Structure formats: structure tokens, C-alpha cells
Amino acid sequence: MEQRAATVDDIHQIALALPGVRRADAGPIVYQVSRRSFLFFRNPRPDAVDPETGERYTDVIVFWVASELEKEAILADASLPFFTTTHFDGHPSILLRGARIGELSRDELAGFVEGAWLARAGPRAIATWRAQRGAE
């Protein structure tokens, strides 16, 4: 287990180690599996701004989750640095600022990246992942 503080670089390493992952770099970085996005770095948008300055956040990362219920549970946990905006109402995803990623351990981050991947991966990719981990 790796309990050190997570970094943005960890996202790239963890995501690229998962089966069937493709990284798209034409614009903001997007990670896909089974031709579906599961994690992406978002362009600054008017719905995610610093409450004090009004400046748009330039470091928002979007993670898919399995369901709206999971999203609500993650957002209800005040110990986690995730948030959402009205733009994502009804969308199974959570947001994280790169500036706050160090509030998670690398292991915690890996769980969220893997969860995002599992929420979007097809059966073949999931079977490969389970086989790599020694699980049936």
C-alpha cells in the first residue's frame, strides 16, 4: 500500500496501467476504455470558479462513477476533496481540482481511477483486469 500524497502524475500512471486504455491528447487529456471516456482533464469553464476571485479553475479533473448513488455518497464524505457543479447534475461523475489531489493518498486515488475505469469498461477489459489481479 502506498500512503504518500497523490499527485497529478499518478493519475496518468494509474490510468495507463489499466487494460485497454487509450489516452487522447488532441486538446485536454482524455482517458478512454472500450471507446468510452472514463477520466478527463477539463477546460476552464464558467461553472467551476474560485468563490473569492471568480477566476475559472484551470485544473479540474472529471472521474466517472458507477451511479448517481455512488456520486452522492462520495460528495457527502466531507473528508474527500471531490465536488460537482450544476453542469454535471444527473451525470454520474465527480470533479477534483488538481490543486487538491494531495489530499488523497496514492492508494485512494488509484481506487477512484480504477472505479472510473470499471464504470466505463466493457466486459472483455474488466475480465483482463481481474485476471491480472488474480481475481475471478
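Values quoted throughout were computed directly from the atomic coordinates according to the rules given, and no laboratory measurement underlies them. Since the structure is predicted, the reported quantities are computational estimates derived from the model, not experimental observations. Cβ sites come from the backbone with ideal geometry, for glycine too, and all protein chains shown count toward neighbours.
For segment 5-59, taking Cα atoms only, Rg and Dmax work out to 13.6, 41 Å respectively.
Summarising the overall dimensions of segment 66-136 from its C-alpha atoms, the Rg and Dmax are 13.7, 40 angstrom.
Within 10 Å, at most 14 other Cβ atoms, and a DSSP state outside H, G, I, E, B define an exposed site. Report the longest part of the chain free of exposed trypsin sites (Lys or Arg not before Pro). Could the numbers behind the result be given before it?
Numbers: sites that count: ARG4, ARG35.
With trypsin sites (Lys or Arg not before Pro) excluded where exposed in loops, the chain gives 36-136 as its longest stretch.
For segment 1-72, run through the GluC sites (Glu not before Pro) and keep only the ones in DSSP coil with at most 16 other Cβ atoms within 10 Å of their Cβ.
Values: sites: GLU2, GLU52, GLU55, GLU68, GLU70, GLU72; in loops: GLU2, GLU52, GLU55.
Passing both the DSSP loop test and the Cβ count: GLU2, GLU52, GLU55.
At 0.36 nm per residue, and after removing the present C-alpha to C-alpha distance, how many nm does the segment from ARG22 to ASP107 gain when stretched out fully? Numbers along the way, then the final one.
Numbers: separation 85, 0.36 × 85 = 30.60 nm, distance 2.19 nm.
Value of the extension gain: 28.4 nm.
With the Kirkwood sum run over all distinct C-alpha pairs, the chain has a hydrodynamic radius of 15.4 Å.
Averaging 1/r over each pair of different alpha-carbon atoms in segment 97-136 and inverting the result gives 11.4 Å, the Kirkwood hydrodynamic radius. Placing a pseudo-label 7 Å from each Cα along the Cα-to-Cβ vector at ASP59 and HIS87 gives an inter-label distance of 1.8 nm. Calculated mean residue ellipticity, 222 nm, the chain: -10000 deg cm²/dmol, from DSSP H runs (n ≥ 4) at -39500 (n - 2.57) each, averaged per residue and rounded to 500.
Extending 7 Å from Cα along the Cβ direction at ALA127 and again at SER79 yields two label points whose distance is 3.8 nm. Here segment 21-95 has an Rg and Dmax of 13.1, 40 Å, counting Cα atoms alone.
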